[in-house]
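Novice: Quick one: the structure is below, questions incoming.
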Amino acid sequence: KIIPVILSGGAGTRLWPVSRKAYPKPFMQLADGKTLAELTFDRALDIATEGEVVTVTSRDYYFLCKDIYKKNKKCDIDKQSFLLEPIGRNTAPAIALAALQVQKAHGDDAIMIVMPSDHLIKNIETFNKTVYQAAELAAKGYLTTFGIFPTAPETGYGYIKAGQRLNDHASVIEQFVEKPSLEVAEAYVSSGEYSWNSGMFAFQVGSLIEAMQKTANEVMTQAKACFDSTDTNNSQVEFELKQFMQLPDISIDYAVMEKADKRAVVDSRFDWNDIGSWNAMANLSDSDEAGNRIEGKAITVDSKNCYIRAGDRLVAVVGVNDLMVVDTTDAVLIAHKDKSQGVKDVVQFLKAKD
Ligand code: GDD
Ligand code: MG
């Protein structure tokens, strides 16, 4: 049995002012009008053997998710389960709770495919094939990751060093390093021995729970306490804030993947983009002869290599190069295109002022 688990949590602060607390990254419109949440659900339902997808998200996004899922014609909405968090506690608690839910409904042998809701993936046939390869390894007890060929020393990713080959498409993991420093990332990429962690995972429920008890016992203990004190018989499970606050705030990468014993990486060749910044978003739309990329209504005069995302208003730029302009009704972002990582500092600043 394959049960996909969608994680939809983080706010995507580098995509301010479009991605906000009320409307985070998975629910932003892409150039073709679709949202990442919609595309992720379509992918998930496609590999789900029971027609069921488990979504772990904030209780604020429950109706938003449900409406989006209903757009998929193959979706039986009554089969979908939602685990609703009162606050975000990062991915380790979210995955632990999903594991307990899947264990309860489908037993220890069920395979969870963990999928972040904010990735853009193309090449669905290759994707599905890779997921089945990962599921096979997970069924043998390997905590399985999807390794992406690294193209730059990105510091926001996990890095995986492959060890002994398991078959023609997978290896044992020799080392997993979450978010290394720039220097280390540069060394990893130039060594040619590392791949990026895609952020997706294939876990057999029983193996994951066991591994987590070893590497992150507090997370599993608190997740169990939380799960046991909640009514989990409905398709919509709501956790209480007081219990939930006891869960340690830690990601699955640090809590489990860096430390566990039996881990594998599957070579992944589908197109993968984590759309972490406006730069990544810009690269999704075509550029004109001057290198400008435009979404919405905009006029460029004497300007090169700009990215413009207009909202309801017309945006015009004259005589400027390498700028990103993102306009919304109540906020506008103007940034140099090499500084797209710095956008999150704006959100930090706003939060500090609150
Ligand atoms: N439900 C829920 N609750 N989801 C969450 C929470 C939470 O508290 N926190 C994060 N998520 C979701 C995010 O919405 C995203 O879809 C996914 O889990 C991963 O979280 P990120 O915060 O985006 O992680 P990251 O990008 O820093 O790092 C992870 O992804 C990289 C690839 O994009 C790691 O797995 C890295 O190793 C990996 O390279
Ligand atoms: Mg991410």
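Novice: Of the GluC sites (Glu not before Pro) in the range 15-71, which ones lie in a loop per DSSP and count no more than 15 other C-beta atoms within 10 Å?
Specialist: Within the range 15-71, the qualifying GluC sites (Glu not before Pro) (loop, at most 15 other Cβ atoms within 10 Å) are Glu50.
Novice: Still on this structure: DSSP loop GluC sites (Glu not before Pro) in the range 203-282 with at most 14 other Cβ atoms within 10 Å of their Cβ, which ones?
Specialist: Glu240
Novice: Could you give the alpha-carbon Rg of the chain over 2.2 N^0.38 Å, rounded to two decimals?
Specialist: Here the answer is 1.01, to two decimals.
Novice: Within straight cross-link reach of Lys353, meaning Cα distance under 18 Å, which aspartates and glutamates are found once same-chain residues fewer than 8 apart are removed?
Specialist: Partners found: Asp330, Asp345.
Novice: List, largest first, the extents of the alpha carbons of the range 239-332 along their principal axes, each in whole Å.
Specialist: If we take the Cα atoms of the range 239-332, the spans are 57, 40, 18 Å.
Novice: Now for a separate question. Per the Kirkwood definition applied to all pairs of different Cα atoms, how many angstroms is the hydrodynamic radius of the range 289-348?
Specialist: 11.7 Å is the Kirkwood radius here.
Novice: Let me ask something additional. Given the pairs Lys34/Lys66; Lys21/Lys262; Lys71/Lys242; Lys25/Lys66, which span a C-alpha to C-alpha distance of over 27 angstrom in this model?
Specialist: Pairs exceeding the cut-off: Lys21/Lys262; Lys71/Lys242.
Novice: Between the range 270-284 and the range 58-119, what is the C-alpha centre distance in whole Å?
Specialist: Between the Cα centre of the range 270-284 and that of the range 58-119, the gap is 24 Å.
Novice: Sort out for me the Cα centre separation of the range 22-49 from the range 128-156, rounded to whole Å.
Specialist: The range 22-49 and the range 128-156 have Cα centres separated by 20 Å.
Novice: Just by accessible area at a 1.4 angstrom probe, what is the order of Lys353, Lys34 from largest to smallest?
Specialist: The residues order as Lys353, Lys34, largest area first.
Novice: Can I ask one more? What order do Leu84, Leu166, Leu323 take when sorted by accessible area (1.4 Å probe), most exposed first?
Specialist: Heavy-atom accessible area, descending, gives Leu166, Leu323, Leu84.
Novice: At 4 °C and a viscosity of 1.567 mPa s, what translational diffusion coefficient does Stokes-Einstein give for the range 83-211, taking Rh as the Kirkwood radius over Cα pairs? Give it in µm²/s as a whole number.
Specialist: 82
Novice: Calculate, axis by axis, the spread of Cα positions in the range 70-128 along the three principal axes, and write the results as whole Å, longest axis first.
Specialist: Its Cα atoms span 31, 25, 24 Å along the three principal axes.
Novice: If one computes the Cα centroid of the range 322-354 and of the range 229-257, what distance in Å separates the two points?
Specialist: The range 322-354 and the range 229-257 have Cα centres spaced 32 Å from each other.
Novice: Of Pro116, Pro24, Pro180, which is the most mobile in a GNM of the chain whose springs link Cα atoms less than 10 angstrom apart?
Specialist: With Cα springs under 10 Å in the chain, the top fluctuation among Pro116, Pro24, Pro180 is at Pro180.
Novice: To check my understanding: the extent here is largest minus smallest coordinate of the Cα atoms along each principal axis. What are those three numbers for the range 1-154, in Å, largest first?
Specialist: The Cα atoms of the range 1-154 stretch 44, 39, 32 Å along their principal axes.
Novice: Given R₀ = 30 Å, what would the calculated FRET efficiency be for Gln341 paired with Asn123, taking r from the Cβ atoms and rounding to 0.05?
Specialist: With R0 = 30 Å, the Cβ-Cβ based efficiency is 0.65.
Novice: Going Cα to Cα from Lys122, which aspartates and glutamates come in below 13 Å? Please leave out same-chain ones fewer than 8 positions away.
Specialist: In chain and number order, the partners are Asp42, Asp271, Asp274.
Novice: Continuing with this model, one more query. Taking 7 Å along the Cα-to-C-beta vector as the label spot, tell me the Asp288-Ala31 distance in nanometres, rounded to one decimal.
Specialist: 1.4
Novice: Take the Cα atoms of the range 136-220, build their convex hull, and give its volume per residue in Å³.
Specialist: Dividing the Cα hull volume of the range 136-220 by its residue count gives 103 Å³.
Novice: Sequence neighbours fewer than 8 away in the same chain don't count; with that in mind, list the lysines whose C-alpha is under 16 Å from Lys179.
Specialist: Straight-distance partners of Lys179: Lys161, Lys259.
Novice: Something else about it: Would you work out what percent of the accessible area of the chain, with all protein chains in place, is carbon or sulfur (probe 1.4 Å)?
Specialist: 48
The values are calculated or read from the model by the stated rules, or taken from the named source; none is laboratory data. The model shown is predicted, which means the values in this text are computed figures rather than measured ones. Cβ atoms come from the backbone with ideal geometry, glycine included; neighbour counts cover every protein chain shown. These accessible areas exclude ligands, DNA and RNA; they are computed on the full protein's heavy atoms, side chains included. Shrake-Rupley method; radii C 1.70, N 1.55, O 1.52, S 1.80 Å.
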